[in-house]
Every structure is written in C-alpha cells, then in structure tokens.
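Before any comments, here is the structure.
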Amino acid sequence: MENQRTLYNDLESILYTKEQLKEAVQQLGERITRDYKGRKPVMVCILKGASLFFSDLIREIDLPLTIDFMVVSSYGASTVSSGEVRLIKDLDRSILGKDVIVVEDIVDTGMTLNYLKKLLISRGASSLRIAALLDKPARRTVPLSVDYTCFEIPDAFVVGYGLDYDEVYRNLPEVGILSPSVYQAKTE
Ligand code: 5GP
C-alpha cells in the first residue's frame, strides 16, 4: 500500500552501503590531512546535499581547520539541472589568503562548482580545491577538474547520504539509484 512504502522501495538499487561510504570518507580524510599538513584549511560545505558527507569528512581530518557554509540553488522537484546557479547563502567570513576546500555532494554538469570556483578565487583565496563525494564525469558540460572524490558513478539520478529528490531521501544512510517511476510519476 502507498502509505506503507519505505524509502528503500523507491530505489532501483543501492550503489554504496554505509560501510563503503564510511571507508571512502575515512580514506579521503586521511589524504586531505596529509596534503594540508601544516596548514589550516577552510572547509566550505555546500548545503544541503553535502551536509552528511561534510560532517563525516571533517571528523576524519586531523588539522586545525575551520568551517563555513554556502547555499546555492538546487534542482527543486526535477532531476535535470536548470543550468542556472543562484547564491542563496554566502560565507560568513572572508577567505582572503586562505586555503579553501569546497565540499560538494556530487558533480554533474560541473556548472555549480565552476561558478563557485570562479567566485571564491575572485575573493582572494590563496588556494582552492574541490572535494566531492560523487562524480558523474559522463555528464560534464563545462570543463571542471575535481581534486578529491570518493566514487565515480554512471549517469543515473542518485539519492541518500544527503542527496535528495524534492527534499526527500537525504536521511537514507546509503547512496542508491532512484527508481525512474518516482519522478516519472510526478512529471506525468
Ligand atoms: P551540476 O551543477 O554539477 O550540474 O550539479 C550539481 C548539483 O546538482 C549537485 O550539488 C546536486 O545538488 C545536484 N545533482 C546532480 N546530480 C544529482 C543526482 O544524481 N542526485 C541528486 N540528488 N542531485 C544531483
């Protein structure tokens, strides 16, 4: 029955389990700790999608880092990018002369991070790198290199571990492919 469906029933498949995510995030944290030894990076979380990844990742980094948050426009109730990037919440503090690591949930067309990268460099960050949990390189429409990523994934719409569809599924502890029937039903 409709009202007895759990989040898992809407998934076509699970791509990464809790354990796989934990291990990948741990390894990435260790890598960033090594790469930024002796520095104090500013970790910038792109809300809301990166929130779970971000909070796990920063706890795996053994450095005197600081954190800040940005909100940019998302897809809303759609699985296709509108191509427009809108800044909804800006950083609280200046990044002038700072080593910045932007933490994003997923890189798809690359438009969001391309925009953010230019913006943050123009504000005088002394270095800027991107850490994304997931990368969909096949979907890239603008050239963008991702410095740190946990997994490269195929061209499918995924949810869970912070990633949503129409604001739902963020609390799934796994990352899974959303059944197309969920969003097809909405657009019909
Ligand atoms: P881009 O600007 O690279 O096209 O898109 C980046 C943003 O689109 C991500 O931060 C994320 O919010 C959203 N996005 C792209 N692909 C997916 C996906 O497969 N699932 C979800 N939930 N969001 C996605």
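Report those strands (runs of 3 or more DSSP E) wholly inside the stretch 92-188 carrying at least 2 residues which are under 19 Å from PHE69 (Cβ atoms).
On the way: elements: 99-107, 127-135, 148-152, 175-178.
In the stretch 92-188, 99-107, 127-135 are the strands (runs of 3 or more DSSP E) which contain 2 or more residues that are under 19 Å from PHE69 (Cβ atoms).
Being near the ligand (Cβ under 9 Å from one of its atoms) and out of contact with any helix residue (DSSP H, G or I) (no Cβ under 7 Å at 6 or more places or on another chain) is the filter here; which residues of the stretch 176-188 pass it?
If we filter the stretch 176-188 for residues that are near the ligand (Cβ under 9 Å from one of its atoms), which is where we start, we get 177-178.
Of everything in the stretch 176-188, just one residue is near the ligand (Cβ under 9 Å from one of its atoms) and out of contact with any helix residue (DSSP H, G or I) (no Cβ under 7 Å at 6 or more places or on another chain), namely ILE177.
Would you be able to tell me the number of residues in the stretch 120-142 that are at pLDDT below 95 and open to solvent by 40 Å² or more (accessible area, probe 1.4 Å)?
5
For the condition closer than 19 Å to ARG170 by Cα, out of contact with any His (no Cβ under 8 Å at 6 or more places or on another chain) and at pLDDT below 95, what is the one hit in ALA24, ALA77, ALA50?
Values: ALA24 fails: at pLDDT below 95; ALA50 fails: at pLDDT below 95.
Residue meeting the stated conditions: ALA77.
The values are calculated or read from the model by the stated rules, or taken from the named source; none is laboratory data. The structure displayed is predicted, hence computed values, not measured ones. FYI the Cβ positions are ideal-geometry reconstructions off the backbone, even for glycines, and counts take in every protein chain you see. Surface accessibility is based on the protein's heavy atoms, side chains included, excluding ligands, DNA and RNA. Shrake-Rupley method; radii C 1.70, N 1.55, O 1.52, S 1.80 Å.
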